[in-house]
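Student: Quick one: this structure, given as structure tokens, is what I'll be asking you about.
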Amino acid sequence: MNKPLITICIPTYNRACFLKLCLESIYIQLTNESLEKKIRIIILDNQSQDNTEEIVKNFTDLSDNFQYVKDNENRNMIQGIIKVASLANSEYIWVFSDDDLQNNKLELVINFIEKYKPELVVCNLVGFNNKNTTRHHNLLKVSGDILLNNRKDFFNLLGKKFNTTIDYYTTLCSNWIIKKSVFDNNYYILNNYNNKLDMFPLPSLFFYTNIQFKTGIIAEEIILNRGGNASWEKKNAFRNYFHVNNIWKDYYNKIIKNNREYLPAYFILKIHFKNLLRIKFLLRLIIIKLLIIINLYNFIKQNNIIKK
């Protein structure tokens, strides 16, 4: 096979039911012959105990575009992302969550990349949840495609998007497509930032280094992002609050440390304000716990007095 333009890299572990839907959303688009030549899909199985291998075999039997790799060791989620990205041999890599879906827009993505050739592509998303049928559209809150010529322009945009959408621009996995050369040339940074709080390996290649990069933001909704299904969260609500809070604080503090000369006015103040706002989630947890203790929570929930 010739070298593809994009490798869709999917790390997975014990989520065969979601993975099947994810792969189907990609496979149905490969009937386009010109598209088929430009896309490869690598599934890195982190030694799953369910029927993941069987599910993937259905696709590898149908198309040579799909490659299944059974990992030789049990990795955590972040190391799985790094490993599967390193397996790609293409101009761009697209690390895709095994529970998200493609929105039948691969051809649009390829046309965008071939036209503008940015180092970073950020795709728009539709949010949905297993628990209800509500869909949340245009999570990036954009009205058209955006081209940004350098990192300062990118942070200026993030400053404008800070109060509503910044996390969709900087922390999700499935809506980032990056040049493989950026991954290869800045791989060293992944060794420098590899503690338990470093949950965003791909953004670190851009935000924790001094490289200049061009960013293309696609306004079309490319991804269906499944919410409420994070495998890295803690089961206990209080432990999860402090765990997630520490991750966000560490992440944005590192962004400040490595990008002071590029950050727009009040960006740092907005980060501190964002950190303070998280206290409201802790207060909510405390109130719910107290209501449970005094046997009022179920009554209030049934009568829709407390809304999520």
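Student: Quickly run through region 7-20 and pick out the residues that are touching a residue at least 12 places away in the same chain (Cβ under 8 Å) and either surrounded by fewer than 23 Cβ atoms within 10 Å (Cβ to Cβ) or charged (D, E, K, R) (or both).
Tutor: Those that are touching a residue at least 12 places away in the same chain (Cβ under 8 Å) and either surrounded by fewer than 23 Cβ atoms within 10 Å (Cβ to Cβ) or charged (D, E, K, R) (or both): Y13, N14, R15, A16, F18, K20.
Student: How about region 107-136: which of its residues are surrounded by fewer than 16 Cβ atoms within 10 Å (Cβ to Cβ) and in contact with a Leu (Cβ under 9 Å, 6 or more places away or on another chain)?
Tutor: Those that are surrounded by fewer than 16 Cβ atoms within 10 Å (Cβ to Cβ) and in contact with a Leu (Cβ under 9 Å, 6 or more places away or on another chain): E107, E114, Y116, R135, H136.
Student: Determine if region 230-244 includes at least one residue that is free of Cβ contacts under 8 Å to residues at least 40 places away in the same chain, touching a Lys or Arg at 6+ places or on another chain (Cβ under 6 Å) and within 30 Å of H137 (Cβ to Cβ).
Tutor: Narrowing region 230-244 to residues free of Cβ contacts under 8 Å to residues at least 40 places away in the same chain: 230, 233-236, 239-240, 242-244.
Going one step further and asking which of them are touching a Lys or Arg at 6+ places or on another chain (Cβ under 6 Å), we end up with 240, 243.
Retained after the next criterion (residues that are within 30 Å of H137 (Cβ to Cβ)): 240, 243.
The answer is yes; a qualifying residue exists.
Readers should treat all values here as calculations from the given coordinates under stated rules, not as data from a laboratory. Just so it is clear, the model here is predicted, and its values are computed rather than measured. Quick reminder, even Gly has a Cβ in these numbers, built from the backbone with ideal geometry, and neighbours come from all protein chains shown.
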